[in-house]
1. Averaged across orientations, what area in nm² does the convex hull of the alpha carbons in the chain project?
2. Restricting things to alpha carbons, find the Rg to Rh ratio for the range 1-90 using the Kirkwood radius for Rh.
3. Can you give the calculated 222 nm mean residue ellipticity of the chain, where each DSSP H run of n ≥ 4 adds -39,500 (n - 2.57) and the sum is split over every residue, rounded to the nearest 500 deg cm²/dmol?
4. If you take the alpha carbon radius of gyration of the range 44-134 and divide it by 2.2 N^0.38 Å, what ratio comes out, to two decimals?
5. So for 104, 161, 66, fewest C-beta neighbours within 10 Å to most, what's the order?
6. How charged is the neighbourhood of residue 70? Take every other residue with its Cβ under 12 Å from the Cβ of residue 70, and add Lys/Arg as +1 and Asp/Glu as -1.
7. Sorting 79, 147 on the 10 Å Cβ count, fewest up front, what's the list?
8. What percent antiparallel are the DSSP beta bridges of the chain, to the nearest 5?
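Please treat every number below as a calculation from the coordinates, not as lab data. Quick caveat, the model's predicted, so the values are computed rather than measured. In this analysis, Cβ positions are derived from the backbone assuming ideal geometry, glycine residues included, and neighbour counts consider all displayed protein chains.
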Amino acid sequence: MGQRAVRDDRVTTHVALVARAFGAARIFMDEVNPEIRGTVERVNRSWGGSFEVRVIDGWRPLLLKKKAEGSRIVHLTMYGEPVNRAAGRLREERDLLVVVGAEKVPREVYGMAHWNVSVGAQPHSEVAALAVLLDRIQEGAQFSAEYAGARRAIVPQERGKRVVDAGGPDPGGPAAPLPPGDPAPPRG
Ligand code: SAM
């Protein structure tokens with residue numbers, strides 16, 4: 001919540017990519033720069049999965065609706081309960097909504113959240129806090145997840161880069177560019 005257009009686009013893109021790569025199903029944002037949505041769609045086309053960017057009409061109605069539906073709200077804040085203590089309880093939940101801020105988060109959020117959780121009691125970044133939280137909850141299992149419909153897959157190497165055709169459909173849109181120096185993935 002509270003992302004500032006333009007200035008925060010890169011950080012917001014990273015929040016979305018970390019959420020996707022660490023097992024979340026979707027991200028909710030007040031305002032979406034089309035470039036962020038475009039980046040996520042290109043990444044989905046190349047690397048699979050159905051991670052979504054959803055636009056919302058403000059954080060308050062979303063939190064109220066999610067709570068009414070039975071979701072549990074985790075707010076990441078340096079002032080919260082240490083993640084080492086909270087992780088065991090969070091692991092038992094099936095439907096979590098994680099709130100991160102781009103700037104000062106309204107006090108009301110602290111009250112609406114089921115858990116206010118800190119990743120260390122020092123200020124750092126919503127990207128890092130989200131990654132650590134999702135990893136602590138899933139204990140690394142997120143890295144073995146299958147991303148359905150991927151066009152490309154990485155074959156892990158000790159050195160160098162190996163990207164292969166994963167057989168996913170080619171829906172026509174452009175794929176995410178490969179990092180510089182990568183060979184083109186072999187097709188068929
Ligand atoms: N001064 C802001 C505040 O009062 O929350 C810090 C903003 S920080 C740049 C952006 C977001 O990163 C925070 O809203 C929070 O979600 C997350 N964050 C930063 N440090 C954190 C920490 N130690 N533990 C958990 N989340 C943190």
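1. Here the figure is 12.1 nm², rounded to one decimal.
2. 0.98
3. -10500 deg cm²/dmol
4. The range 44-134 yields a ratio of 1.13.
5. By the 10 Å Cβ count, ascending: 104, 161, 66.
6. Computed value for this residue: +2.
7. Values: 79 12, 147 19.
Least crowded to most crowded, the residues run 79, 147.
8. Working: 3 of 16 bridges.
The antiparallel fraction comes to roughly 20 percent.
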